[in-house]
1. Can you tell me how many residues within the range B:1-59 are touching a Pro at 6+ places or on another chain (Cβ under 6 Å) and closer than 20 Å to B:A72 by Cβ?
2. Provide a single number: the residues in the range B:58-71 that are part of a helix (DSSP H, G or I) and either surrounded by 12 or more Cβ atoms within 10 Å (Cβ to Cβ) or within 14 Å of chain A (Cβ to nearest Cβ) (or both).
3. Quick one: which residue in A:A59, A:A121, A:A91, A:A87 is exposed (fewer than 13 other Cβ atoms within 10 Å of the Cβ), part of a helix (DSSP H, G or I) and modelled with pLDDT of 65 or more?
4. Kindly establish whether B:L71 is closer than 20 Å to B:L2 by Cβ and touching an Asp or Glu at 6+ places or on another chain (Cβ under 8 Å).
5. Just one of (1) assigned to a helix (DSSP H, G or I); (2) closer than 23 Å to A:E25 by Cα; (3) at pLDDT 90 or above trips up B:I85, so point out which.
6. Considering only residues that are free of Cβ contacts under 8 Å to residues at least 24 places away in the same chain and surrounded by 14 or more Cβ atoms within 10 Å (Cβ to Cβ), which ones fall in the range B:25-41?
7. Hey, can you tell me all the residues within the range B:48-57 that are surrounded by fewer than 14 Cβ atoms within 10 Å (Cβ to Cβ) and within 16 Å of A:E57 (Cβ to Cβ)?
8. Starting from residues that are free of Cβ contacts under 8 Å to residues at least 12 places away in the same chain and part of a loop (DSSP other than H, G, I, E, B), keep the ones in the range B:43-57 and report whichever is nearest to the other protein chains (Cβ to nearest Cβ).
Amino acid sequence: MTFSQEIKDKMVQFAKEQSQYYLDEAEMTYLEKLRWKTGQTRSKIAAKLAKFKGRSETALEAQNDLLLYMSDYMKDLMEKGLSEEEAFERAKEELEYRSESERSADLHERFARYYEMRDPAEYEAIGLFYAGFLFFGVSIGALIGYLGGGGREMFLTDGWIDTAIGAAVGAVIGLGAGLISNAVIVLKKK
Amino acid sequence: MLEIISRGETYGYEIAKKLHQMGFEGLAEQTVYALLLRLEKNRLVHITKKPSEMGPPRKFYRLNERGLEELAAFWARWDYLSGCIQNLRNSGRDDGDLQSGNQG
């Protein structure tokens with residue numbers, strides 16, 4: 001039993017794409033241990049792995065193995081009465097790489113990186129920046145509103161509204177400045 | 001999979017078929033391929049490449065010494081575990097019998 005050229009091409013393309021994921025997972029057991037020992041992040045290791053795969057025959061072998069496995073499975077399905085296209089679709093669905101362990105490893109790493117990056121002094125500094133800018137903005141805004149509204153005499157009649165608006169605008173400006181300082185700290189930390 | 005390979009030279013899809021015939025029908029096709037890669041990476045199998053009609057050579061697997069040791073270790077662990085579970089099951093029943101006997 002042979003396959004049409006079109007299906008063969010599709011099979012090769014599928015095997016080429018998917019075998020890389022399987023190969024990554026097979027390699028990861030060792031690399032995960034390495035990562036824990038050296039404290040390296042997975043992205044760095046993945047980059048190294050990509051270089052390794054690029055210059056080795058491992059990737060091609062994994063691709064060929066998947067291609068042959070797929071063709072055996074498809075022949076089996078066709079003997080059971082499925083058309084070539086149906087067999088290809090079924091095999092594609094069954095052999096498509098999916099790994100919960102990889103997803104959970106990603107999540108684990110993101111958490112680990114998040115906690116590694118946490119520094120109490122940094123959070124305290126960000127909080128102080130917010131509070132400082134807020135007080136500064138409210139004070140300046142209220143003062144401008146108070147003076148612009150006509151001073152004490154006007155404040156006691158209807159001028160208080162200018163002071164309130166000034167304080168509100170000052171608070172918004174203060175929060176904005178706090179956000180900018182937060183962003184600057186985060187970017188410096190990277 | 002180690003047990004199946006230990007019974008004689010075989011290849012990927014044949015292993016999957018044997019597993020299905022033995023009752024592991026829910027086993028996903030991708031699992032066998034992924035495990036084969038891992039067996040190869042862990043150097044538990046000896047590989048012989050033979051020509052295939054699809055073009056690339058087909059890999060035939062045989063257990064090497066390390067693979068045989070791993071298989072023996074697995075069965076030892078399995079025997080120990082199943083023995084413990086059986087004891088647990090039996091002791092639970094005995095206790096139940098004793099309790100119902102005492103009540104009677």
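1. So the answer is 0.
2. Count: 6.
3. Numbers: A:A59 fails: exposed (fewer than 13 other Cβ atoms within 10 Å of the Cβ); A:A91 fails: exposed (fewer than 13 other Cβ atoms within 10 Å of the Cβ); A:A87 fails: exposed (fewer than 13 other Cβ atoms within 10 Å of the Cβ).
The conditions single out A:A121.
4. In short, yes.
5. Answer for B:I85: the failing condition is (2).
6. As a first pass, look at the range B:25-41 and keep what is free of Cβ contacts under 8 Å to residues at least 24 places away in the same chain: B:25-31, B:33-34, B:37-38, B:40-41.
If the condition is that a residue be free of Cβ contacts under 8 Å to residues at least 24 places away in the same chain and surrounded by 14 or more Cβ atoms within 10 Å (Cβ to Cβ), then B:L27, B:E29, B:Q30, B:T31, B:Y33, B:A34, B:L37, B:R38, B:E40, B:K41 are the ones that fit.
7. So the first thing to find is which residues in the range B:48-57 are surrounded by fewer than 14 Cβ atoms within 10 Å (Cβ to Cβ), and the list is B:48-51, B:53, B:55.
Those that are surrounded by fewer than 14 Cβ atoms within 10 Å (Cβ to Cβ) and within 16 Å of A:E57 (Cβ to Cβ): B:K49, B:G55.
8. Going through the qualifying residues, I end up with B:P56.
The values are calculated or read from the model by the stated rules, or taken from the named source; none is laboratory data. As the structure is a computational prediction, the values presented were derived from the model and not from experiment. Cβ atoms come from the backbone with ideal geometry, glycine included; neighbour counts cover every protein chain shown.
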